[in-house]
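Notes follow once the structure below has been shown.
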Protein chains: 2
Amino acid sequence: MTKREPQRPKRSVRRRRNDPTGLRDRVIDVAFHAFSTRGYNAVSVHDLREAAGVSGGAYSHHFPTKKALALLVIERHVLKAVRKAWIEPVVVAPTAAEGIAEAFAAIIAELESKQAVTGCPLNNLALELAGVDGDFRFALQAVFAAWRNALAGKMRADNTAGKAGYAEPDTVAAFAVAAYSGAMALAKTSQSVEPLKLCAKELASYLSVAARNASR
Amino acid sequence: MTKREPQRPKRSVRRRRNDPTGLRDRVIDVAFHAFSTRGYNAVSVHDLREAAGVSGGAYSHHFPTKKALALLVIERHVLKAVRKAWIEPVVVAPTAAEGIAEAFAAIIAELESKQAVTGCPLNNLALELAGVDGDFRFALQAVFAAWRNALAGKMRADNTAGKAGYAEPDTVAAFAVAAYSGAMALAKTSQSVEPLKLCAKELASYLSVAARNASR
């Protein structure tokens with residue numbers, strides 16, 4: 001390229017032609033899909049480069065290690081997935097309980113239109129990586145914290161607005177996240193939405209009691 | 001070996017000296033620990049052979065594929081771990097709710113005496129393997145089914161004995177397994193037993209309502 005266009009500044013030409021930002025984003029997109037469905041350790045850097053159509057040199061320039069790429073995937077795409085599936089529906093719902101029910105319903109509806117239950121990206125990566133590496137653990141923990149805090153915050157808002165009376169919003173939020181996470185593990189293993197449906201119903205019953213008990 | 005002892009029957013000598021059953025069990029033990037803590041894809045056959053102190057030939061004779069070994073690990077050790085931690089305590093407890101509380105308490109106590117939360121062997125392997133391979137999925141699903149059925153069976157027994165009135169034991173059992181599984185995912189990610197403690201408390205509250213509501 002520099003031989004053909006010797007007069008142009010090398011860096012800007014390379015930037016325009018190679019589109020490094022696009023390339024970087026493409027690799028992160030491909031890695032998010034591959035890591036969260038097949039697993040971090042099941043996917044090689046070679047697989048990722050092939051799927052993204054990126055040369056070894058360009059790849060290595062942006063992602064010196066596979067771990068660096070995975071941390072970007074967690075901090076960017078996994079957080080975004082949890083925001084979209086859980087935090088946003090709960091924040092805009094009339095109440096925490098309704099938001100949680102809507103999050104479950106939307107996820108169930110989406111899975112019913114698909115062929116496979118690939119599971120929750122956050123839980124998939126958490127169970128694979130949180131036990132073996134502190135950096136992964138902190139990144140994953142931050143996403144769980146954002147999720148739990150959003151639910152607890154909505155419950156506190158429900159309390160303030162007189163819509164509910166949760167005595168321990170943080171505890172109830174942790175339980176809701178746990179119940180969903182485990183239900184998705186059962187759904188993935190059975191390749192069926194049935195455990196999500198059962199758990200959505202039981203969680204709704206639990207939440208109605210948790211809110212009612214506390215407001216007595 | 002056959003050169004030094006030419007008079008003895010070759011097969012029986014080899015069997016006695018090499019202890020193939022012991023070797024096989026040792027590899028399965030090592031694989032259970034490695035797969036359920038570090039992950040199936042994170043551990044190489046070479047790692048397993050090294051840790052078990054087994055030659056390549058002997059290893060390949062017993063385990064033609066890594067997958068064959070992992071299926072044995074699930075069908076034998078993962079099921080055994082779920083039986084020990086969950087099924088047995090629940091079966092012998094006065095009620096399902098008390099058994100579930102005892103299972104949580106024993107797991108929390110064990111984790112508090114350890115340095116690390118490695119998580120639930122079943123859930124760790126389920127999230128890594130259930131989405132990618134039908135054989136793994138069926139083996140993992142069988143363990144979840146044994147767990148759910150044991151809890152549901154105890155709830156039905158509680159109903160029969162007049163100790164509780166669960167309207168839908170299968171649903172309540174699925175919810176309990178999901179809540180525990182998700183709580184352990186949170187515990188692993190935070191490397192803390194706190195999510196297990198919170199969820200044990202909330203699950204106890206949910207179970208008391210589920211049993212009471214139904215018996216009205």
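The values are calculated or read from the model by the stated rules, or taken from the named source; none is laboratory data. Being a predicted model, the structure only gives us computed values, none of them experimental. Virtual Cβ from ideal backbone geometry, glycine too; neighbours counted across all protein chains shown.
Can you name every residue in the range A:43-69 that is assigned to a helix (DSSP H, G or I), of a type in the set (Gly, Ala, Ser) and farther than 19 Å from residue A:136 by Cβ?
Looking only at the range A:43-69, we keep the residues that are assigned to a helix (DSSP H, G or I), and these are A:45-52, A:56-62, A:66-69.
Those still in the list that are of a type in the set (Gly, Ala, Ser) too: A:51-52, A:56-58, A:60, A:68.
Those that are assigned to a helix (DSSP H, G or I), of a type in the set (Gly, Ala, Ser) and farther than 19 Å from residue A:136 by Cβ: A:51, A:52, A:56, A:57, A:58, A:60.
Mind listing whichever residues of the range B:73-98 are surrounded by fewer than 18 Cβ atoms within 10 Å (Cβ to Cβ) and in contact (Cβ under 8 Å) with a residue 12 or more places away in the chain?
B:75, B:76, B:81, B:83, B:91, B:93, B:94
Need the failing condition index for residue A:56 against (1) surrounded by fewer than 20 Cβ atoms within 10 Å (Cβ to Cβ); (2) of a type in the set (Gly, Ala, Ser); (3) at pLDDT below 95; (4) out of contact with any Lys or Arg (no Cβ under 7 Å at 6 or more places or on another chain), just the number.
Tallying (1) surrounded by fewer than 20 Cβ atoms within 10 Å (Cβ to Cβ); (2) of a type in the set (Gly, Ala, Ser); (3) at pLDDT below 95; (4) out of contact with any Lys or Arg (no Cβ under 7 Å at 6 or more places or on another chain), residue A:56 fails exactly one: (4).
Looking at the structure I just gave you, is residue B:198 in contact with a Phe, Trp or Tyr (Cβ under 7 Å, 6 or more places away or on another chain), surrounded by fewer than 24 Cβ atoms within 10 Å (Cβ to Cβ) and not basic (Lys, Arg)?
Details: in contact with a Phe, Trp or Tyr (Cβ under 7 Å, 6 or more places away or on another chain): yes; surrounded by fewer than 24 Cβ atoms within 10 Å (Cβ to Cβ): yes; not basic (Lys, Arg): yes.
Yes; evaluated as a whole, the condition is true for this residue.
Can you name the residue in the range A:133-184 that is at the interface with another protein chain (Cβ under 8 Å from one of its Cβ atoms) and among the hydroxyl-bearing types (Ser, Thr, Tyr) and, of all such residues, is nearest to the chain's Cα centre (by Cα)?
Filtering the range A:133-184 for residues that are at the interface with another protein chain (Cβ under 8 Å from one of its Cβ atoms) and among the hydroxyl-bearing types (Ser, Thr, Tyr), the one nearest to the chain's Cα centre (by Cα) comes out as A:181.
Can you tell me which of (1) closer than 18 Å to residue B:87 by Cβ; (2) among the charged types (D, E, K, R); (3) facing chain A (nearest Cβ under 9 Å) is the one residue B:188 doesn't meet?
Here residue B:188 meets the rest and fails (1).
Could you tell me whether residue B:102 is crowded, with 19+ Cβ neighbours inside 10 Å and acidic (Asp, Glu)?
On the way: crowded, with 19+ Cβ neighbours inside 10 Å: no; acidic (Asp, Glu): yes.
So residue B:102 fails the test.
In the range A:21-42, what residues are more than 17 Å from residue A:140 (Cβ to Cβ) and β-branched (Val, Ile, Thr)?
Matches in the range A:21-42: A:21, A:27, A:30.
Within the range B:108-132, which residues are more than 9 Å from every other protein chain (Cβ to nearest Cβ), surrounded by fewer than 22 Cβ atoms within 10 Å (Cβ to Cβ) and either part of a loop (DSSP other than H, G, I, E, B) or not acidic (Asp, Glu) (or both)?
Passing the criteria: B:108, B:109, B:111, B:113, B:114, B:115.
I'm trying to understand the selection: among the residues of the range A:119-140, which are out of contact with any Leu (no Cβ under 9 Å at 6 or more places or on another chain) and modelled with pLDDT of 95 or more? Don't jump to the end; show me each part of the working.
If we filter the range A:119-140 for residues that are out of contact with any Leu (no Cβ under 9 Å at 6 or more places or on another chain), which is where we start, we get A:121, A:131-134, A:138.
Hits for the range A:119-140 are A:121, A:134, A:138.
Would you say residue A:100 is more than 15 Å from the chain's Cα centre (by Cα), β-branched (Val, Ile, Thr) and on the phi < 0 side of the Ramachandran plot? First the steps, then the outcome.
On the way: more than 15 Å from the chain's Cα centre (by Cα): yes; β-branched (Val, Ile, Thr): yes; on the phi < 0 side of the Ramachandran plot: yes.
For residue A:100, the condition - more than 15 Å from the chain's Cα centre (by Cα), β-branched (Val, Ile, Thr) and on the phi < 0 side of the Ramachandran plot - is met.
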